[in-house]
1. Can you sort 91, 109 so the residue with the fewest Cβ neighbours within 10 Å comes first?
2. For the chain, take the longest principal axis of its alpha carbons; what is the angle in degrees between that and the long axis of helix 108-133, to the nearest 10 within 0 to 90?
3. Roughly speaking, what is the stretch gain from residue 158 to residue 103, that is 0.36 nm per residue apart minus the C-alpha to C-alpha distance, in nm to one decimal?
4. Taking the 0 to 90 degree range and rounding to the nearest ten, how far is the long axis of helix 4-28 tilted relative to the main principal axis of the chain, both from C-alpha atoms?
5. How far is helix 32-54 tilted, in degrees, relative to the longest principal axis of the Cα atoms in the chain, given as a value from 0 to 90 rounded to the nearest 10?
6. So what is the relative contact order for segment 31-171, in percent, with contacts set as C-alpha pairs under 8 Å and at least six apart?
7. What order, most packed first, do the peptides 139-146, 63-70 have when packing is the mean number of other Cβ atoms within 10 Å of each residue?
8. Given only helices, namely DSSP H runs of n ≥ 4 each adding -39500 (n - 2.57), what is the per-residue ellipticity at 222 nm of the chain, to the nearest 500 deg cm²/dmol?
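All of the numbers you see were taken from the coordinates with simple rules; none came from a lab. Since the structure is predicted, the reported quantities are computational estimates derived from the model, not experimental observations. Cβ atoms come from the backbone with ideal geometry, glycine included; neighbour counts cover every protein chain shown.
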């Protein structure tokens, strides 16, 4: 019991620190307005699509609904950063586990957290490396990840693109 509660408190501190870093990064790279506009566009398209399909027609999806590939160097840099941070996470977890004066001495939480964070970062690195290598024609699973997650970038039509939302409506057979 004496090891469990300090370890649990340490995990809370680590999670709080992670959330602070996440909030700081969101303030550093503000894209909330673009994300909100994209959510409105996707929601509007969903309502229109449901209405058109209820009338017995089919509407083609506009080009700006999905996210698009980022530049290849972005994926390569993200992979390198994730590998570096994952390696540091493993090193820190092992060091905390073996530090006789530390809070996590011989606590399985130290290595567990270190390996868990590293595994998640290495998974993101593998996905980014796969996107880098298959940039011209990624497999279907990677295309899905790009379209549905922050691996892809949001592109909205400009004010000059008056026909961007026009799609073809066809009668269902």
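1. 91, 109
2. Between helix and principal axis, roughly 30 degrees.
3. On the way: separation 55, 0.36 × 55 = 19.80 nm, distance 5.41 nm.
Separation in residues times 0.36 nm, less the Cα-Cα distance, equals 14.4 nm.
4. Between helix and principal axis, roughly 40 degrees.
5. Tilt relative to the chain: about 50 degrees.
6. Normalised by residue count, the contact order of segment 31-171 is 37 percent.
7. 63-70, 139-146
8. Details: 5 runs with 110 residues, N = 173.
One gets -22000 deg cm²/dmol as the mean residue ellipticity at 222 nm.
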